[in-house]
Amino acid sequence: MSAHRPYALLAEITHRCPLHCPYCSNPTDYCRATASVADPEAGRRSACPTTALTPAHAKTNYGELSTEEWQRVIREAAALGVLQIGFSGGEPLARRDLPELVRAAREAKLYSNLITSGIGLDDTRVRALRDAGLDSVQLSFQSDDADLADKIAGAHAHERKLDVAANIRAAGIALSLNFVIHRRNIDRLPQMIELAEVLGAGRVELANVQFYGWAFLNRAVLLPTREQVDRARNIATAAKTRLAGMIDIFYVLPDYYETRPKPCLSGWGQRYLTVNPIGDVLPCSTASSAIPELRFENVRTRDLDWIWRESESFNRFRGTQWMPEPCRSCPQKEIDFGGCRCQAALLTENAANTDPVCEFSPNRAIVDEVLRNVHSSRNHAHDWTYRINPSAPSSFESSRALA
Amino acid sequence: MRTTAISGSAQPRLTNGVRLQTDSITGKSVLLHPEGIIELNETAHEILSRCDGRTLDEIVQGLAQEYDADPKALATDVRETLADLHQRRLIEYA
């Protein structure tokens, strides 16, 4: 028995989404993902796939894993020790077979979370998911204010989410509200917490935006000021105390403003794994876009057990042997694990470096420079780039994007 | 901690969205909730596996009999454990 066993599987079952949030952590380059299906060997080294390279199934379903393939992945995950599964994306409701996947999770005794925008979750579907054994729904909101929320989402979504929250509650499924916090909405934190109270949520996640994928692209617009961050921290702390025992408040720190890095994933390849829409298995959901030199295994060619234990990608940053200085001799190395590999790769172009958020990192100046520029960029909504969907023929109806 | 505020006739139960389960890898009891997993020690497991409609007093009496322990001391343990779980919204009272 290996010392490491995974506890949670993030199942990114599709990258399609009706919303266009500029803070999305999905990869900005879906072409590479599709390319690896078309030609696994050429995979990530190739540019956008040509039509000739794309197999028939990839044309119709974006190369996404089939229902049967996901059911097998779920069984293999449970056998490895996984206890929880998060159905995520993209928007997981874009897949009509979601209840079948939830049922497979329940049969494998996994605790299932649906991480969703709520768009498409009508009363019938909520009850189908509940009957399949869904344990919990994490419903995203972009703000408490409809106009601002819809501007951020790039779609008319807010009012529909309010109905969805009521449907979830009526079906008796545990409801969490997830807010991603950034410069444009951070000043409405008290109102957002109030919305959670009104909607009867048992839990609220107030997550300062983390800069990966589309959020990295839009960092200059999304990064809050230090004054905003300090106020938000106080508001969240006070709300946590006030609502203790009623609403569980989970506050994700704005790590650029911290002096020590986040203990990302509780260590690489220690507790978590992600399977993306095309079946690539990742130690972290952002690793495929942030660390291009890593080669990931696919569930179509390897079983999950082998990938978890033996693959180069899962072993690359496991434990502490890979660490350079200053991590190697740092007493914190078993506490923060050197921070986030994706962040090190994105900011320093070397995934093995100490997370530059750390005050001991020789690259901390990179983060400080970004923070210094926060006041100089007075950006407005039109300055950010909305997330777009993977380009492939689709019958999936997306919400009308705001012009 | 206000461990005495809860009446002995209150019925503690798992909050909606919280599951008590055995981890098949370790054989240990775990609480599964929206944000994660909590491995339970034996005391917490014994208490939570009795949160099935029984009152707090009944849980204490049952444990006192089974473990041949002093009900008064046991009641403090049970109340403290439940207060902690309640604070973390893992149990609620009916």
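Here, each number is a calculation from the coordinates, and none is a lab measurement. Computed from a predicted model, the values in this text were never measured in an experiment. Positions of Cβ are backbone-derived with ideal geometry, glycine not excepted, and every protein chain shown enters the neighbour counts.
I need the shape label for the stretch A:65-201. Rule: rounded when a/c is under 1.5, else prolate if a/b > b/c, else oblate, with a, b, c from the alpha carbon gyration tensor. Prolate, because a/c is 1.5 or more and a/b exceeds b/c. Note on A:Asp131/A:Arg300: beta-carbon distance plugged into 1/(1 + (r/R0)^6) with R0 of 30 Å gives a FRET efficiency of 0.50.
Summing Cβ point charges (Lys, Arg +1; Asp, Glu -1) relative to the Cα centre of the stretch B:42-85 gives a dipole of roughly 140 debye. Only helical runs count toward this figure. For the protein assembly as shown, summing -39,500 (n - 2.57) over DSSP H runs of n ≥ 4 and dividing by all residues gives -10000 deg cm²/dmol at 222 nm. Here the residues A:His156, A:His375, ranked from fewest to most Cβ neighbours within 10 Å of their Cβ, fall in the order A:His375, A:His156. For the stretch A:243-327, the convex hull spanned by the alpha carbon atoms encloses 162 Å³ per residue. Report for the protein assembly as shown the percent antiparallel among DSSP-assigned beta bridges with both residues inside it, nearest 5. Bridges in the protein assembly as shown are about 30 percent antiparallel. Computed log10 I(q)/I(0) for the stretch A:126-169 at 0.14, 0.18, 0.21 Å⁻¹: -0.38, -0.57, -0.70, from the Debye equation with unit scatterers placed on every C-alpha and solvent omitted. Here the Kirkwood formula, the inverse mean of 1/r across different C-alpha pairs, assigns the stretch A:237-289 a hydrodynamic radius of 14.0 Å. Here the average projected area of the convex hull drawn through the C-alpha atoms of the stretch A:78-135 stands at 3.7 nm².
Using a Debye calculation, one point per C-alpha and no hydration shell, please list log10 I(q)/I(0) for the stretch A:111-191 at q = 0.20 Å⁻¹ in order. At q = 0.20 Å⁻¹ the computed log10 ratios are -0.85.
For chain B, the residue among B:Thr43, B:Gln11, B:Val60 whose Cα projects farthest onto the positive side of the dipole built from Cβ charges is B:Gln11.
The reciprocal of the average 1/r between distinct C-alpha atoms defines the Kirkwood hydrodynamic radius, which for chain A equals 21.8 Å. Compute the Cα gyration tensor for the stretch B:1-69, then decide on rounded, prolate or oblate, letting a ≥ b ≥ c be the square roots of its eigenvalues: rounded whenever a/c is under 1.5, prolate when a/b is larger than b/c in the other cases, and oblate in all that remain. Oblate, since a/c reaches 1.5 and b/c is not below a/b.
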